[in-house]
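The block underneath contains the structure these notes are about, expressed in structure tokens.
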Amino acid sequence: MVNVKTKKQINILREGSKILAAILKKIAEEVKPGVNTGYLEEMACGLIKEAGGRPSFKGYKSGQGGEPFPTALCVSVNNEVVHVPALPARELREGDIVGIDAGMEYPYGGEKRGYYSDMAITAPVGKISGKARKLINVTKKSLELAIEQIKPGNTLNDIARAAQTYVEANGFSVVRGLVGHGVGFAVHEDPQVPNFVVEKKEYDNMVLRPGMVLAVEPMVNAGSYEIKNGDDPFSILTIDGQLSAHFEHTIAVTEDGCEVLTKL
């Protein structure tokens with residue numbers, strides 16, 4: 001079931017989303033050679049708490065019996081696609097690219113209900129290769145093109161087609177084994193939001209309507225779109241060891257289009 005949010009609920013989501021975007025911007029500014037992921041994690045936890053929120057990924061369980069995710073941030077380096085814990089700490093090196101994914105429940109504590117926002121960026125660590133730079137730029141642009149398709153009457157496939165077409169025209173591939181999702185009342189909600197055109201019935205190609213809130217997040221690989229599990233219960237890697245990039249925004253469908261809630 002898709003949860004449609006009221007204008008009042010979206011107002012609170014907007015406030016939390018702007019805070020999350022500002023926090024992620026500050027974290028991204030700290031990405032440089034020699035910095036370790038534990039420092040970024042400590043920074044994220046402190047900033048989220050100071051803002052009156054709670055890191056929604058920390059302690060999150062995926063499915064029944066799932067192991068709780070150990071950190072506030074997912075920090076995925078080079079061939080790591082998504083869901084890599086920030087701890088144990090690893091040092092970032094010149095030439096790396098690093099995907100930083102954060103979620104927040106806001107407000108947290110007291111009588112007010114908290115609402116969930118989600119955002120991800122991929123940042124260069126020092127000087128990176130031309131191919132790595134192109135991968136980051138194409139992934140970011142694919143999200144922008146996908147967002148242009150978010151309006152009442154369009155479908156999830158309209159979003160997916162915009163992202164996939166641009167990515168593949170630039171010689172890269174869109175991950176098929178992972179998708180975006182609804183967000184707001186929980187970390188993950190219906191609908192699932194693919195970044196590739198769905199021709200079968202694995203996903204519901206539903207029509208967008210005002211009040212829906214989506215986390216759209218193209219994950220783009222330099223090589224094959226296939227992925228594999230890492231050594232821990234969470235990490236997802238490219239199957240061929242090539243680079244991967246990831247961008248994400250929380251977006252509300254409005255009466256006449258959409259609003260990117262995590263845009264500063």
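The values are calculated or read from the model by the stated rules, or taken from the named source; none is laboratory data. Bear in mind that the values here come from a model prediction, so they are computed numbers and not experimental data. Heads up, the Cβs are rebuilt from the backbone with ideal geometry, glycines too, and the neighbour counts pull from every protein chain shown. Ligands, DNA and RNA are stripped out before the accessible areas are found, and what is left, the full protein with its side chains, is counted by its heavy atoms. Shrake-Rupley method; radii C 1.70, N 1.55, O 1.52, S 1.80 Å.
With a cap of 16 neighbouring Cβ atoms within 10 Å, and only residues DSSP puts in a loop, list the GluC sites (Glu not before Pro) found in segment 182-256.
Here the sparse-neighbourhood loop sites are Glu199, Glu202, Glu226, Glu255.
Shape verdict for segment 117-175, please, from the Cα gyration tensor: rounded (a/c under 1.5), prolate (a/b greater than b/c) or oblate.
It is oblate, given that a/c is not under 1.5 and a/b is not larger than b/c.
Around Leu261, what is the net charge, scoring Lys/Arg as +1 and Asp/Glu as -1 over all other residues with Cβ under 11 Å from its Cβ?
+1
Please report, as a whole percent, how much of the solvent-accessible surface of the chain comes from carbon and sulfur atoms (probe radius 1.4 Å).
49 percent
Mind checking which lysines have their Cα closer than 21 Å to the Cα of Lys5? Skip sequence neighbours fewer than 8 apart in that chain.
Lys18, Lys112, Lys151, Lys263
Determine the sum of side-chain charges near Lys151: Lys and Arg each +1, Asp and Glu each -1, restricted to other residues whose C-beta is under 13 angstrom from that of Lys151.
Counting the neighbours of Lys151, the net charge comes to -4.
Which aspartates and glutamates, if any, have their Cα less than 15 Å from the Cα of Lys141, not counting same-chain residues under 8 positions apart?
Within reach: Glu168, Glu217, Glu248.
Tell me the net charge near Val198. Cut-off is 12 Å between Cβ atoms, Val198 excluded, with +1 for each Lys or Arg and -1 for each Asp or Glu.
0
Given a cut-off of under 8 Å on Cα pairs at least six residues apart, what relative contact order in percent is computed for segment 147-264?
It comes to 29 percent, rounded to a whole number.
Accessible area per residue of segment 24-110 at 1.4 Å probe, in Å²?
46 Å²
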